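Quick notes on the structure that follows.
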Amino acid sequence: MKKITFLLCTLLFSVTVVAQRYTTEIFNDNEIIVSSDVSYGVNFNPYIDSALLGGTNLQPLQADFYMPSPAVDTVTNRPVVIVWHTGSFLPKGINGSPLGTRQDSAVVEMCSRFAKMGYVSIAASYRLGWLANSTNLDVRRGSNLLAVYYSIQDAKALVRFLNLTGGMNNPFGIDASKTIMVGQGSGGYLTFAYATIDKHSEVAGPNKFKYQDSTGIFGQPVLPGDPYVDTSIVGDIDGFGAEVVITGQNTLGLPTMDYSSPGRNYINHPGMPDDILMTINMGGAMGDGAWLEQGDVPMLSIHSKFDFFAPYDTGMVYVPIGAQFFAVVSVTGSYGAIKAANAFGNNDVFLDENYTDAVWVDQQATNPTGEECLYTVEIPPAQAATPWIVHTSPWNWYDPNDPNITSTDANPNVKSTSIAWMDTVMSFIVPRMATVLQAEGVPAGIVETTQTFKVYPNPASDVVAIKGTNGSTFTSVQAFDITGRVVYASDATGNSLSIDVSNWNNGIYLVQIATENGVQVKRIVVN
């Protein structure tokens, strides 16, 4: 018989834990489950190899959901944190970096921490691809803008998906109206754009977003002055209009399309809201400063003052492809964006709080005018002659043997250093997230657990006994396997109970013991 080693102590003893949900980690790694490859939509990607998708360019949009197991958390209206990865809007392997997927170490670390605080956190992928190394400025700049545009449409599709599932059987136990977005690198561009673009003129009006020549992004004829984003082809910023014509379904279960029809937009989850509460940018910038207006959602930023690729204030974006750097477009970085957001009153929810914690006070001393809501990373480049080799996102780490590492990669790649930086990032953003949630009527709840039951023997093979100590009694008992499936349920009350586990599969189980004072959870191994 297969032996399963359980690394936790099998002796049960009394402990007391007091913590605040949504600000403190109240669950441990073993209590977090991940639902991987959840498909939240589908949409057209001109850069993906259609052969990989069974002859279609309609790409599935996927995400990984991190959450406390239902065996240890019965809350069903949890706020949501969506984390968008970095990568210059290009696939890993093409972007010249070991980073660029929802499995990046810093994304997984952040999602895991949020889940342990009681959130449902989501590591999400979005459509990638643009013509970064084109010598034609229109093609380079226009395809980059369209990549950002696609990512916003995808992000809105995900928020609508959350509202759709939350309003039906709510499999993830969420309140989608309490959604917060975090973006790292290009994901930061996404979150800034999501928070600020609400009309087509913002992406069609500025001259930098219009053709200078008569050749379109995909070789089609255009006129100088035409906008790069043609809504009759790609739909509007919310993901509606220009609907692709579906012709059927392929063997992979993906929709096939009519390429002769001009529409290239698949409409995901119409009728659902896509509002969010706040955004957090980690090293991204805003495509145009005029996007930001009074009344936009609150925003925080973490940004390197010496960032070569995404300017800290206002300047040109440079994208590294191989050993070359390509200028793309002038943007507004975190300092300019946060300064404007503060001036508009968009961040009053933070400014009125008068925080005194060290990380909040420290961030005001590191930017030019002491702007609140901005944490400035001050790690200068080691060599003035190579300003692109600088620690712009020191919270990232990766496999040192990754074949995609290049000489331009700047992170220290020391996990302990990156974890320390992640500690700082979380210390900066988590209390402010709680402030926004409290303003929306979601207070940080006190979680108090006192272990007053013994469950034995452990490991077990035939019968497991539950025994209350010090007069403790239970009102019901349930057991779950590690996927969250209920394998036992009893409404019996009292202070002792025997459970027959002789027919259970070998593995780890969680026994949830409900009392008048709350729910307690024990782990057992059956072998």
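The values are calculated or read from the model by the stated rules, or taken from the named source; none is laboratory data. Nothing here was measured: the structure is a model prediction, and the numbers come from that model. Methodologically, a virtual Cβ is constructed for each residue, glycine included, from the backbone with ideal geometry; neighbour enumeration extends over all protein chains shown. Ligands, DNA and RNA are excluded from the accessible area calculation, which covers all protein heavy atoms including side chains. Shrake-Rupley method; radii C 1.70, N 1.55, O 1.52, S 1.80 Å.
Out of everything in the stretch 190-207 that is open to solvent by 40 Å² or more (accessible area, probe 1.4 Å) and within 30 Å of ILE82 (Cα to Cα), what residue ends up being nearest to the chain's Cα centre (by Cα)?
At the first step, the residues of the stretch 190-207 found to be open to solvent by 40 Å² or more (accessible area, probe 1.4 Å) are 198-201, 207.
Now restrict to residues that are within 30 Å of ILE82 (Cα to Cα): 198-201.
Working: ASP198: 21, LYS199: 24, HIS200: 26, SER201: 28 Å.
Among those residues, the one meeting the criterion is ASP198.
I'd like the full set of residues that are crowded, with 21+ Cβ neighbours inside 10 Å and over 22 Å from VAL159 (Cα atoms), limited to the stretch 289-307. Hits for the stretch 289-307 are ILE302, HIS303, SER304, ASP307. Restricting the stretch 124-156 to residues that are in contact with a helix residue (DSSP H, G or I) (Cβ under 6 Å, 6 or more places away or on another chain) and among the aromatic types (Phe, Trp, Tyr), the residue that is nearest to ASP236 (Cα to Cα) is TYR126.
If you check ASN281 against the conditions, is it of a type outside the set (Asp, Glu) and more than 24 Å from THR332 (Cβ to Cβ)?
no
Any chance the stretch 385-393 includes a residue that's modelled with pLDDT of 90 or more and surrounded by fewer than 16 Cβ atoms within 10 Å (Cβ to Cβ)? Among the residues of the stretch 385-393, not one is modelled with pLDDT of 90 or more and surrounded by fewer than 16 Cβ atoms within 10 Å (Cβ to Cβ), which makes the answer no.
Of ILE276, ILE302, all but one fail to be under 30 Å from ALA382 (Cα atoms) and in contact (Cβ under 8 Å) with a residue 40 or more places away in the chain; the exception is ILE302.
Restricted to the stretch 313-335, and to residues that are assigned to a loop (DSSP other than H, G, I, E, B) and either among the aromatic types (Phe, Trp, Tyr) or open to solvent by 20 Å² or more (accessible area, probe 1.4 Å) (or both), which residue is modelled with the highest pLDDT?
Across the stretch 313-335, the extreme among qualifying residues is ASP313.
Per the listing VAL349, VAL436, the residue uniquely among the β-branched types (Val, Ile, Thr) and closer than 26 Å to SER112 by Cα is VAL436.
Just the residues that are over 29 Å from SER35 (Cβ atoms) and polar (S, T, N, Q), please, taken from the stretch 493-514.
Taking the stretch 493-514 first, the residues over 29 Å from SER35 (Cβ atoms) are 493-498, 500, 502.
Within the stretch 493-514, THR493, ASN495, SER496, SER498, SER502 qualify.
Within the stretch 225-237, the set of residues being open to solvent by less than 50 Å² (accessible area, probe 1.4 Å) and either within 15 Å of ASN43 (Cα to Cα) or of a type in the set (Phe, Trp, Tyr) (or both) comprises TYR228, VAL234, GLY235, ILE237.
Here GLU448 clears all of (1) surrounded by fewer than 14 Cβ atoms within 10 Å (Cβ to Cβ); (2) modelled with pLDDT of 85 or more; (3) among the charged types (D, E, K, R) except the condition numbered (2). Yes or no: the stretch 479-492 includes at least one residue that is surrounded by 12 or more Cβ atoms within 10 Å (Cβ to Cβ), more than 27 Å from SER36 (Cβ to Cβ) and not small (Gly, Ala, Ser). Checking the stretch 479-492: not a single residue is surrounded by 12 or more Cβ atoms within 10 Å (Cβ to Cβ), more than 27 Å from SER36 (Cβ to Cβ) and not small (Gly, Ala, Ser). Of all residues in the stretch 336-373, those satisfying the criterion of being within 25 Å of the chain's Cα centre (by Cα) and part of a loop (DSSP other than H, G, I, E, B) are ASN346, ASN347, GLU372, CYS373.
Restricting attention to the stretch 118-149, the residues that are open to solvent by 10 Å² or more (accessible area, probe 1.4 Å), of a type in the set (A, V, I, L, M) and touching a strand residue (DSSP E or B) at 6+ places or on another chain (Cβ under 9 Å) add up to 3. Residues of the stretch 341-357 that are hydrophobic (A, V, I, L, M, F, W, C), open to solvent by 20 Å² or more (accessible area, probe 1.4 Å) and either in contact with a Phe, Trp or Tyr (Cβ under 7 Å, 6 or more places away or on another chain) or touching a residue at least 12 places away in the same chain (Cβ under 8 Å) (or both): PHE344, VAL349, LEU351. Please go through the stretch 8-40 and pick out each residue that is farther than 30 Å from SER427 by Cα and either of a type outside the set (Ser, Thr, Tyr) or at pLDDT 50 or above (or both). Selection gives CYS9, LEU11, LEU12, PHE13, SER39, TYR40.
Residue-by-condition table, conditions (1) closer than 21 Å to GLY271 by Cβ; (2) in contact with a Gly (Cβ under 9 Å, 6 or more places away or on another chain):
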position: THR165; (1), (2): yes, no
position: THR179; (1), (2): yes, no
position: GLY188; (1), (2): no, yes
position: GLY205; (1), (2): no, no
position: ASP213; (1), (2): no, no
position: VAL222; (1), (2): no, yes
position: ASP226; (1), (2): no, yes
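Do you know which residues across the stretch 94-137 are assigned to a helix (DSSP H, G or I) and either at pLDDT 95 or above or within 19 Å of the chain's Cα centre (by Cα) (or both)? Of everything in the stretch 94-137, those that are assigned to a helix (DSSP H, G or I) and either at pLDDT 95 or above or within 19 Å of the chain's Cα centre (by Cα) (or both) turn out to be SER105, ALA106, VAL107, VAL108, GLU109, MET110, CYS111, SER112, ARG113, PHE114, ALA115, LYS116.
Would you check which residues across the stretch 291-312 are at pLDDT below 95 and over 23 Å from the mean Cα position of the chain (by Cα) and list them? Residues satisfying the conditions are LYS305, PHE306, PHE308. Tell me, please, whether a residue that is in contact with a helix residue (DSSP H, G or I) (Cβ under 8 Å, 6 or more places away or on another chain) and part of a helix (DSSP H, G or I) can be found in the stretch 32-51. The answer is no; no qualifying residue exists. In the stretch 238-286, how many are among the β-branched types (Val, Ile, Thr) and open to solvent by 40 Å² or more (accessible area, probe 1.4 Å)? Selection size over the stretch 238-286: 5.
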